[in-house]
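Reviewing the structure listed below.
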Amino acid sequence: MIAMPTAVNVPLRIDEGDVLRVGNTRVTLQAVIADFQRGASPEEIAHHYSALSLSDIYLVVGYYLQNKVEVDTYVQRQRQL
């Protein structure tokens, strides 16, 4: 029998400049989402950003898909800055 999944933390953190970054890397949420919106698969994104693990990319993309309005608003705000 398969075990019930446990809660998984999305690997995002806010740096000192209030920018969302993936895990302990300097890669921004905005960069990952921009690639995804251009049609890049998580595997292609992992190729673009070797500091990111494939599982972290899938978690971030999943977070984006579940919180699209909030993330799109954040990205738009970041572009204006």
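Of the solvent-accessible surface of the chain, computed with a 1.4 Å probe and all protein chains present, 55% belongs to carbon and sulfur. The loop-placed trypsin sites (Lys or Arg not before Pro) in region 5-71, going by DSSP, that have at most 10 neighbouring Cβ atoms within 10 Å of their Cβ come out as R38. Computed over the chain, the per-residue total of -39500 (n - 2.57) for DSSP H runs of n ≥ 4 gives a 222 nm mean residue ellipticity of -15500 deg cm²/dmol, rounded to 500. Our estimate of slack between A3 and T73, defined as 0.36 nm per intervening residue step minus the Cα-Cα distance, is 21.6 nm. The modelled label-to-label distance between E43 and V19, using points 7 Å beyond Cα along the C-beta direction, is 3.0 nm. Rolling a 1.4 Å probe over the protein heavy atoms gives region 12-57 an accessible area of 57 Å² per residue.
Other residues within the sphere of radius under 15 Å centred on the Cβ of P42, judged by their own Cβ, net out at -3 (K and R +1, D and E -1). Calculated on C-alpha atoms, the gyration radius of the chain divided by its Kirkwood radius gives an Rg/Rh of 0.99.
The values are calculated or read from the model by the stated rules, or taken from the named source; none is laboratory data. No experiment lies behind these values; they were computed from the predicted model shown. Methodologically, a virtual Cβ is constructed for each residue, glycine included, from the backbone with ideal geometry; neighbour enumeration extends over all protein chains shown. Heads up: the accessible areas ignore ligands, DNA and RNA and are worked out on the full protein's heavy atoms, side chains in. Shrake-Rupley method; radii C 1.70, N 1.55, O 1.52, S 1.80 Å.
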